[in-house]
There are 2 protein chains.
Amino acid sequence: MRVTQRDIAKKLQLSISLVAGVLNERPNVWASEENRKRILNTAKEMNYRPNAAARALRSGRTNTVACLFINSPGQHAIVEVLAETLANIGYDLLVKVMRDHEQAQRRIKNLISRSVCDAVVLWGLEKDIEQSAMLLETEKIPFVVKGHFEESHPYWCQVDFDHIKMMEHTVKYLASLGHTRIAYLGYDHDLVYEHKLLEGFRSGMRSCVGIEVKDEYILTANDDMECTNDDTSVLERELEKILAAPREYRPTAFAMGTGLGAWHTIEKLLAKSGLKLGWEPGDITLAGMGGEDAPLLFGEGYMFKDTDVTNLANIIALRFLPKLLKGEYPESNISLFLPSFVRHASFRLSLR
Amino acid sequence: MRVTQRDIAKKLQLSISLVAGVLNERPNVWASEENRKRILNTAKEMNYRPNAAARALRSGRTNTVACLFINSPGQHAIVEVLAETLANIGYDLLVKVMRDHEQAQRRIKNLISRSVCDAVVLWGLEKDIEQSAMLLETEKIPFVVKGHFEESHPYWCQVDFDHIKMMEHTVKYLASLGHTRIAYLGYDHDLVYEHKLLEGFRSGMRSCVGIEVKDEYILTANDDMECTNDDTSVLERELEKILAAPREYRPTAFAMGTGLGAWHTIEKLLAKSGLKLGWEPGDITLAGMGGEDAPLLFGEGYMFKDTDVTNLANIIALRFLPKLLKGEYPESNISLFLPSFVRHASFRLSLR
DNA sequence: TTGAAAGCGCTACCAA
DNA sequence: TTGGTAGCGCTTTCAA
């Protein structure tokens with residue numbers, strides 16, 4: 001059976017409290033050097049490990065952090081980082097997956113009242129997270145959220161990509177290549193990061209190119225489910241329209257606020273006219289979001305690495321949680337991360 | 001503060017044990033209908049939740065399952081399924097990530113002696129898992145492993161893809177298209193699944209084509225790190241060699257035991273000679289493993305869906321764990337899963 | 001039908 | 001330097 005403090009105490013003919021005191025290095029308990037050694041040694045010999053449940057019950061601390069994914073499939077790379085980093089500071093990671101914020105609310109109430117964790121990480125879209133986080137706030141459970149709550153909840157511990165800077169950086173890069181007619185291609189589902197990206201695009205254009213962006217230069221890449229039967233997607237039609245514009249109005253570059261799919265769509269569309277992505281004369285230059293695993297087909301481009309989500313997990317586990325778990329409040333509670341902007345792999349298929 | 005049984009008892013002027021008995025529906029405790037209702041109602045009103053630590057301490061059961069990933073990055077899609085399915089039967093999921101089997105051994109000893117979970121799922125390569133599982137076996141902790149231990153540990157609860165059937169199926173499919181000169185392309189790192197795939201290939205060839213496979217038809221796609229500088233990889237050179245063979249000896253199809261990268265390599269190699277993957281006359285037909293996200297470039301092929309790992313998680317969480325957690329032993333402790341064999345997405349880029 | 005009481009293993013406080 | 005003891009919230013046994 002499992003070894004308890006009592007077992008050690010009995011074996012050494014000492015009191016439990018002395019054993020406990022020595023094992024936990026309590027400041028006001030100090031055994032004679034000899035007893036200290038004996039306790040430590042037999043604890044090791046007998047392979048003593050404190051019982052997690054008993055300790056949790058008594059101390060009220062569980063040494064566990066819960067990570068809740070609310071309606072966000074495919075984001076689980078971060079559990080690896082979280083689990084590993086938390087293990088280093090002696091914490092376990094509990095993972096919960098929820099479909100919507102109502103389920104989340106219920107589960108969180110459960111978590112709280114059953115006292116199964118000392119802190120919570122909330123992962124998902126802002127609209128799904130917000131209410132749950134507010135619940136944790138009123139219950140005074142330390143928590144960190146993924147998302148942009150800079151305006152709505154400036155005191156929450158929060159982590160996200162710096163979407164504004166990402167697009168500013170993208171524009172700056174494109175501008176540095178000499179582009180001035182830069183269009184933006186992104187999604188529009190009224191999600192916070194989408195607004196931030198567009199904001200970054202506008203401000204980048206203002207500061208790097210000195211231009212207020214015209215509406216025609218803001219394109220939407222939303223998939224529309226209704227016309228999957230069409231041979232050309234909405235995006236393709238939009239792009240064809242803008243590329244059909246007179247030469248001097250046509251954008252020479254796109255700041256991308258999409259996934260890789262849109263890059264591929266553009267590549268294939270351009271290929272029809274013998275064009276490719278890149279930096280050579282005649283090329284169209286793309287840069288921005290999209291850094292998934294698959295390579296580009298024909299051309300080249302710079303993207304932010306999406307595997308950098310693990311960096312967010314690192315920030316949470318290294319910068320925020322250690323403080324929060326000690327009952328402290330981090331000096332800076334908002335962490336916006338600029339992922340690395342790198343050349344994306346490409347098959348460089350030749351066009352002819 | 002959190003509501004306890006005592007709070008309810010005090011409020012209703014009843015004893016704690018009666019309250020506890022009613023709340024847990026204990027068979028030998030039955031309050032008067034009136035008191036039963038009162039207890040249930042106030043418990044709900046006061047939002048009573050049993051304290052996890054106290055319950056664990058007293059009962060010795062934690063209602064938690066630990067999933068340990070040993071040296072297996074990128075496999076975390078399964079936590080989503082595990083977490084969700086376990087939640088349905090009232091269990092929490094603890095996730096641990098370990099670099100090697102030594103770290104795993106230590107962590108598992110810790111888990112066991114601290115009594116933090118009721119069962120364990122081990123995920124990784126057979127050689128990394130085996131020792132840890134043996135530890136769990138001697139400690140009589142219920143566990144499920146991912147991998148092939150049919151021969152080495154036939155009584156372990158184990159789940160994996162049915163790699164033999166997968167390759168048999170692949171060969172059968174290729175044979176049904178009329179192919180007889182079918183080569184195998186796989187890895188050779190002495191991993192169990194690699195051997196199983198090859199075994200399946202051989203047996204498929206035997207039963208569907210009636211041929212003992214010649215060694216020249218077994219190709220290895222191992223990346224060799226040393227010659228990244230070369231413009232042609234080892235795989236390319238091997239393929240070129242076999243495709244340069246006289247027409248009547250050349251394979252017309254490949255059973256693939258690799259990832260998608262090898263498919264792309266082959267596609268590009270074939271493209272140089274104006275060939276593509278597919279089923280049309282002159283095409284080379286590929287089928288088998290490789291089902292990652294990125295589409296094919298030029299041609300077509302059938303692959304097993306690798307997102308089907310979540311099916312393994314489902315089997316673990318639905319078929320094995322409920323039994324094991326009840327202290328029972330599943331009727332059938334080995335579950336081999338045949339993933340779906342589907343046409344893979346392709347850009348269908350035209351070759352000219 | 002109900003209640004009293006022991007005790008899971010640990011922490012924390014007080015006394016010697 | 002050490003030991004005693006209360007009690008965290010719950011389960012379980014026995015008694016009323």
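Considering the range B:1-16, and only residues there that are aliphatic (A, V, I, L, M), surrounded by 15 or more Cβ atoms within 10 Å (Cβ to Cβ) and within 11 Å of DNA strand D (Cβ to nearest atom), the residue that is farthest from A:LEU136 (Cα to Cα) turns out to be B:ALA9.
A single member of B:GLY290, B:GLY299, B:GLY282 is farther than 29 Å from B:GLU80 by Cα and buried (at least 18 other Cβ atoms within 10 Å of the Cβ), and it is B:GLY299.
Being closer than 30 Å to A:ASP306 by Cα and either within 16 Å of DNA strand D (Cβ to nearest atom) or in contact (Cβ under 8 Å) with a residue 12 or more places away in the chain (or both) is a condition met by no residue of the range A:33-48. The listed residues are B:ARG58, B:ARG49, and the only one of them that is facing chain A (nearest Cβ under 9 Å), within 24 Å of A:ASN51 (Cβ to Cβ) and exposed (fewer than 15 other Cβ atoms within 10 Å of the Cβ) turns out to be B:ARG58. Please tell me if A:VAL79 is buried (at least 24 other Cβ atoms within 10 Å of the Cβ), more than 23 Å from A:LYS323 (Cα to Cα) and within 9 Å of chain B (Cβ to nearest Cβ). Judged against the criteria, A:VAL79 is not a match.
Being within 27 Å of A:LYS323 (Cα to Cα), touching a helix residue (DSSP H, G or I) at 6+ places or on another chain (Cβ under 6 Å) and buried (at least 17 other Cβ atoms within 10 Å of the Cβ) holds for only one residue in A:VAL65, A:VAL19, and it is A:VAL65.
Listed by position, the helices (runs of 4 or more DSSP H) contained in the range B:1-101 that have at least 1 residues being within 13 Å of DNA strand C (Cβ to nearest atom) and either over 30 Å from the mean Cα position of the chain (by Cα) or not assigned by TED's automatic domain parsing to the domain that holds B:VAL116 (or both) are B:5-12, B:16-23, B:33-45, B:52-59. In summary, no helices (runs of 4 or more DSSP H) completely within the range B:254-352 bear 3 or more residues that are over 30 Å from B:LEU93 (Cβ atoms), outside the structural domain of B:ILE218 (by TED's automatic domain parsing) and touching a residue at least 24 places away in the same chain (Cβ under 8 Å).
Within the range B:87-96, not a single residue is within 8 Å of another protein chain (Cβ to nearest Cβ), within 30 Å of B:ALA133 (Cα to Cα) and within 15 Å of DNA strand D (Cβ to nearest atom). Among the residues of the range A:313-326, are any charged (D, E, K, R), under 27 Å from B:ARG348 (Cα atoms) and surrounded by fewer than 17 Cβ atoms within 10 Å (Cβ to Cβ)? The answer is no, given that none of the residues of the range A:313-326 is charged (D, E, K, R), under 27 Å from B:ARG348 (Cα atoms) and surrounded by fewer than 17 Cβ atoms within 10 Å (Cβ to Cβ). Annotation note: of A:ASP162, A:ASP188, the sole residue that is touching a strand residue (DSSP E or B) at 6+ places or on another chain (Cβ under 8 Å) and modelled with pLDDT of 95 or more is A:ASP162.
The values are calculated or read from the model by the stated rules, or taken from the named source; none is laboratory data. These numbers were taken from a predicted model, which means no experiment stands behind them. In this analysis, Cβ positions are derived from the backbone assuming ideal geometry, glycine residues included, and neighbour counts consider all displayed protein chains.
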